[in-house]
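Take a look at the structure below.
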Amino acid sequence: MDLRVETRLDAEGRSTSRLIHGAGSLPCAIGRGGLRLAQDKREGDGATPIGRWPLRRLLFRPDRLAPPGTALPSAAISPDDGWCDDPADPHYNRPVSLPFAGSHERLWRSDGLYDLVVVLGHNDDPPEPGLGSAIFLHCASAGFAPTAGCVAVARDALLQLLPDLAPGDHIRVCPADSR
């Protein structure tokens with residue numbers, strides 16, 4: 001099943017986003033920097049890249065939930081797992097083991113946002129330094145606060161979606177008027 005993220009402005013000029021899946025849709029959060037064309041995406045800009053991205057694999061936190069049912073390749077994370085976000089490092093936009101000298105994101109988080117992480121194939125084949133890293137589909141915070149550039153949905157909703165996701169599926173991020 002392919003997924004689609006649509007973002008539009010409401011009557012007050014605020015951005016609202018929905019994750020469209022099959023015949024249904026869910027509220028979702030996107031980056032605090034809004035949407036940005038993939039070629040204009042920059043590390044740290046907080047924007048969610050516009051485009052069609054393959055669903056690479058699922059990472060999950062085994063101390064908080066059992067391995068979720070999905071056909072996506074999946075792996076448990078541990079406290080020493082991170083993701084390199086340092087454009088000057090040869091491991092840029094790749095998983096790394098902690099401790100790690102370069103700038104990185106810790107995947108083992110206390111806030112639950114990364115209890116489930118679907119790694120998206122943005123800027124990864126091969127990664128180009130500075131064009132954005134760690135773009136994931138993950139669990140949303142309370143109130144769907146903006147992300148650092150990822151797409152986020154409620155944890156229970158993500159658990160319900162996972163059995164329908166498989167290798168070869170994609171997520172398309174687009175403004176609502178550009179289907």
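The values are calculated or read from the model by the stated rules, or taken from the named source; none is laboratory data. Everything numeric in this text was worked out from a predicted model, so none of it was measured. With ideal geometry, Cβ positions are generated from the backbone for all residues, glycine too; neighbour counts draw on all protein chains shown. Each accessible area value is taken on the protein alone, full model and side chains, heavy atoms only, with ligands, DNA and RNA left out. Shrake-Rupley method; radii C 1.70, N 1.55, O 1.52, S 1.80 Å.
Before moving on, here are some points about what is shown:
- Residue satisfying condition, being on the phi < 0 side of the Ramachandran plot, surrounded by fewer than 17 Cβ atoms within 10 Å (Cβ to Cβ) and basic (Lys, Arg), within set ARG18, ARG61, ARG8, ARG36: ARG8
- Qualifying residues in the range 79-101 (those that are open to solvent by 10 Å² or more (accessible area, probe 1.4 Å) and among the small types (Gly, Ala, Ser)) - the one farthest from the chain's Cα centre (by Cα): ALA101
- Elements of type strands (runs of 3 or more DSSP E) contained in the range 114-179, each with 1 or more residues being modelled with pLDDT of 95 or more and open to solvent by 40 Å² or more (accessible area, probe 1.4 Å): 170-175
- Filter pass, ALA47 being touching a strand residue (DSSP E or B) at 6+ places or on another chain (Cβ under 7 Å), of a type in the set (Gly, Ala, Ser) and over 20 Å from ARG94 (Cβ atoms): yes
- Evaluating SER74 against the criteria (1) buried (at least 20 other Cβ atoms within 10 Å of the Cβ); (2) closer than 28 Å to ARG172 by Cβ leaves one unmet condition, (1).
- Residue within the range 10-22 that is among the small types (Gly, Ala, Ser) and closer than 29 Å to TYR92 by Cβ present: yes
- Positions within the range 6-20 being without any contact (Cβ under 8 Å) to a residue 12 or more places away in the chain and not polar (S, T, N, Q), in sequence order: LEU9, ASP10, ALA11, GLU12, GLY13, ARG14
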